[in-house]
1. For the stretch B:387-422: of the residues being within 11 Å of ligand 2 (Cβ to nearest atom) and outside any helix (DSSP H, G or I), which is modelled with the lowest pLDDT?
2. Quick check on the stretch B:11-19. Is at least one of its residues surrounded by fewer than 20 Cβ atoms within 10 Å (Cβ to Cβ), within 14 Å of chain A (Cβ to nearest Cβ) and within 16 Å of ligand 2 (Cβ to nearest atom)?
3. All but one of (1) under 29 Å from the mean Cα position of the chain (by Cα); (2) more than 14 Å from ligand 2 (Cβ to nearest atom); (3) closer than 22 Å to B:D296 by Cα hold for B:K349, so report the exception by its number.
4. Considering only the stretch A:322-360, state which residues are open to solvent by less than 40 Å² (accessible area, probe 1.4 Å) and outside any helix (DSSP H, G or I).
5. May I ask you to list the residues in the stretch B:92-116 that are in contact with a helix residue (DSSP H, G or I) (Cβ under 7 Å, 6 or more places away or on another chain) and either within 14 Å of chain A (Cβ to nearest Cβ) or more than 23 Å from B:I348 (Cα to Cα) (or both)?
6. Sort out which residues of the stretch B:377-393 are open to solvent by less than 10 Å² (accessible area, probe 1.4 Å) and within 9 Å of ligand 1 (Cβ to nearest atom), and write them in order of number.
7. Between B:A64, B:A76, which is closer than 24 Å to B:Q108 by Cβ, in contact (Cβ under 8 Å) with a residue 40 or more places away in the chain and in contact with a strand residue (DSSP E or B) (Cβ under 7 Å, 6 or more places away or on another chain)?
Amino acid sequence: MNGPVRGASPHAHDPSGVSMIMLQVCLALVPVTTWAFYLFGWPAVFVWILCISAAIASEALSLWLMQQPYSRLLDGSGLLTGWLLALTLPPWSPWWVAVGGAAFAIIIGKQIYGGIGQNIFNPALLARIALLISFPVPLTTWVAPQLYPGFMESLGIVFANAPLSELGADGVTGATWLGDSKAFVRAGGDMQEYMTTSFSLSDAFFGYSRGSMGEVSALLALLGGAYLMYRRIISWHIPLSLLGTVALLAVIGHQANAAAFAPLQFHLLSGGLILGAFFYATDYVTTPSSRSGQILFGIGSGILIYSIRSWGGFPEAVAFGILMMNALTPLIDRVTRPRVYGRNRQGNAIKHVSAQRRVN
Amino acid sequence: MLGLGRFRGGVHPKGHKEPTRVNSILTNPPLPPMLYLPLCQHSGDDALPLVSIGERVLKGQKIACADGRMSANVHAPTSGVIRDIRAITMPHPSGLPARAILLEPDGQEEWVELTPPADPYAIPQEELAGLVEEAGIVGMGGAIFPAAIKLRQGRRYEIKTLIVNGSECEPFLTTDDRLMCERAEEIIEGTKLVRHIIEAYRAVIAVEDNKPEAIAALKKAAEGIGSIEIAVVPARYPMGSAKQLIQAITGQEVPAGKRSNDIGVLVHNVATVYAIQQALVYGKPLISRITTVGGDCIRSPRNVEALLGTPVQYLFDVCGGLLETPSRLLMGGPMMGQVLPTTDTPMIKGSSGLLALTKREVNEHVPDPCIRCARCVNACPMGLLPLEMANGAKRDDFDAANDAGLKDCILCGSCAYVCPSHIPLVQYFEYAKGELRDRRAETDKLALTKTLTEAKTARVEAEKAAKEAAKAAKEAAKAAKAAKKKADAEKKAAAKKAAEEAAAATPPESAGVAGESTDQTILTQEEEQS
Ligand code: SF4
Ligand code: SF4
């Protein structure tokens, strides 16, 4: 009998696949997303659907332009990018923000570099920042949770740009805690006072606050992250080093000057730090490949995030911090190459005492 | 620093070992109608046939003798008649033909007279190594490197640790496992013999922790015999790779470009050690081996102790035949084994397994682009950057691939096994290694041409010198007839010296040196999978 002669070793493969990985990440995002739908109602659902469909459509367009097989659409990366973008947006964003952002993320953020695996920056975060810089007003309009506009009303909010004030509720929009506290301190207020009067630890943890779709519930983000680590889609190195760094700096800062620097729990639970640490800072393509490199990446992002939050002009510290470290990834990769078996760090053979017997 | 029993990276492939580990080894399957004995079942040159067509041979009779240092003898696995000596399809992915002796068994199983040493410990170790060489034993874990060379190498070094490799980390394969369960005493005896031959300080039999039965059997057999340790190592691929096993057992790394001898370690496979014991205690040459006939396509998979040269199809039939058309036929395990072009090819000394895998077991996919997930980096036991190496190979930038680690790659396949994009990384590496080898051969050729030219110049000069000497002698002779005798002697000496000089500069010598260095590289390469 003749067998099919084909293929180099190995002739076995573990059951993983690219689409499996992407779908697992999406699965881990389900709790956070469902919570966002519950808190922010129909408009959030529309924004989510818009982001995802626009991302997949842009992906298809790029594949067509670059004459690549459409089967790539099934790898799930377009879906994930759209989803990740949706979670960074204000839940009641107008439709063009969602569609434009998703198209930017896929086309400029990813396909221009040559498609999946080639980009330098996290596409969703890049699009988020591009949107923020281009359209600061809709991107900083945060609605209060649990307003529940009706279905038609919601269509109006997302597609017709219906003025939010028409809803008739007072204090519908406002700033997130991060932005708010910054303004408060800058206006001469005491951070400690802000913490006691405005910040609610349990609300931040469980997720009753203004914010983007994904940033409100620290608990559910943590849950998703734990699931990813459990399934070994991500390792602990980046998220824990990032969170640890921010925590450490927060403790030091707060100890040094409690009036100006927010305490630990505020830093960890607000502004989507946990979501960012587990879902955005762990993007395979744009982060280092070695374990030590990942730890460096985490620490670097942590320092940047804390610095931007404490001294920077934008409240979007997580996105900026991660993007800046994305740019450093190739460098980190170069300096943290694993040591090769039988060689020292410089790449020379390790020294040994020869066991050769003396031949008289 | 990694603790003992550890090495970097590695993977945990699905074992698939249950179906064959539960059954005992099937010994003495019915004789096949014909045995196909390739003259090359080892890493060196073809052995030279010693028999002619039509000749009757006895079981264990030497029918082909080693040609050169890296070659190995071939013995008749049973008594019968030599029917032909011709090219057959080899168990190699290329499917290229190579010469083999066709032996038709006569069913008598008549042995040649075996002459084992009365007491192997009473004769010099060099001679023991000679007996191993005579028995045609090669590395049976798939390395097919002549065992005697390794023993002699071992004698030239001060070996602190002899490691007997019973880790068997390849999925599907259970030959070593069953061998250790059923023939533990022979393995212990073999280990003692090898230890004696190379005068190792310490002997360790390393077994992965997923083989509790084998561990128990070895421990029992080793009871009361000091100096042989049974080391239980964690089950992780590629624990069976010499470099990784050495690290796990001794905590030392083999320096790049060196061999395990250099750090005083020698690794032998358990099946090799068993064969050595059979040769030194019973005088039996290597004529059979245990092989795992497995994969989901086989109706009743199990380990079979079969005569060398038995056709693969015959062994499949012995195991109940095929249930479906295999998606892939393999010799060896799925991680490093070779594709068999056909089942009409014989089992040979290095066949640790014969697998007929289903599509599901192979799990092959169209490759996706790399997503830089770094799984390959974390899986690589050598600490390399498989994604960069593959990129280099893809661009035909072999130097970049080498820098990223290709030169240290042991082709274990861990990276390709975990790659979620199903990128055939090892295929890239093999391609790049092949290209680099060709390139090196090219430079070697240039170097050889250079030596040849230099040799020629030297010879010409030597001849000129000889002529001048002769001329001088002649003139001297002319000048003084009385000094004729002396002049004659001078002439002779000058000519002789010139001839010697010319001889010293001729290519055979330098070619010999080149051959030696090639052997060395092969040694290093082969060792990796002992
Ligand atoms: S495992 Fe495959 S996809 Fe992941 S980095 Fe390596 S080559 Fe790329
Ligand atoms: S095949 Fe080479 S690169 Fe891949 S894991 Fe093995 S040693 Fe590393």
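1. Ranking the qualifying residues of the stretch B:387-422, first place goes to B:A404.
2. Yes: the stretch B:11-19 contains one or more residues that are surrounded by fewer than 20 Cβ atoms within 10 Å (Cβ to Cβ), within 14 Å of chain A (Cβ to nearest Cβ) and within 16 Å of ligand 2 (Cβ to nearest atom).
3. Among (1) under 29 Å from the mean Cα position of the chain (by Cα); (2) more than 14 Å from ligand 2 (Cβ to nearest atom); (3) closer than 22 Å to B:D296 by Cα, the lone unmet condition for B:K349 is (3).
4. Initially, the stretch A:322-360 is screened for residues open to solvent by less than 40 Å² (accessible area, probe 1.4 Å), giving A:322-323, A:325-326, A:329, A:332-333, A:336, A:338, A:340-343, A:347, A:355.
Listed by number, the residues that qualify are A:T336, A:P338, A:V340, A:Y341, A:G342, A:R343, A:G347, A:A355.
5. Going residue by residue through the stretch B:92-116, those that are in contact with a helix residue (DSSP H, G or I) (Cβ under 7 Å, 6 or more places away or on another chain) are B:114, B:116.
If the condition is that a residue be in contact with a helix residue (DSSP H, G or I) (Cβ under 7 Å, 6 or more places away or on another chain) and either within 14 Å of chain A (Cβ to nearest Cβ) or more than 23 Å from B:I348 (Cα to Cα) (or both), then B:P116 is the only one that fits.
6. At the first step, the residues of the stretch B:377-393 found to be open to solvent by less than 10 Å² (accessible area, probe 1.4 Å) are B:377, B:379, B:381-384, B:386, B:389-390, B:392-393.
Residues satisfying the conditions are B:V377, B:A379, B:P386, B:A390.
7. Numbers: B:A64 fails: in contact (Cβ under 8 Å) with a residue 40 or more places away in the chain.
So the residue among B:A64, B:A76 that is closer than 24 Å to B:Q108 by Cβ, in contact (Cβ under 8 Å) with a residue 40 or more places away in the chain and in contact with a strand residue (DSSP E or B) (Cβ under 7 Å, 6 or more places away or on another chain) is B:A76.
This table checks each residue for (1) over 16 Å from B:A271 (Cβ atoms); (2) modelled with pLDDT of 90 or more; (3) open to solvent by 10 Å² or more (accessible area, probe 1.4 Å).
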site	(1), (2), (3)
B:I290	no, yes, yes
B:C297	yes, yes, no
B:E305	no, yes, yes
B:Y314	yes, yes, yes
B:P326	yes, no, no
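The values are calculated or read from the model by the stated rules, or taken from the named source; none is laboratory data. These numbers come from a predicted model, not from an experiment. Neighbour counts run over all protein chains shown; Cβ positions are idealised from the backbone, glycine included. For the accessible areas, the whole protein counts, side chains as well, though only heavy atoms, and no ligand, DNA or RNA atoms are used. Shrake-Rupley method; radii C 1.70, N 1.55, O 1.52, S 1.80 Å.
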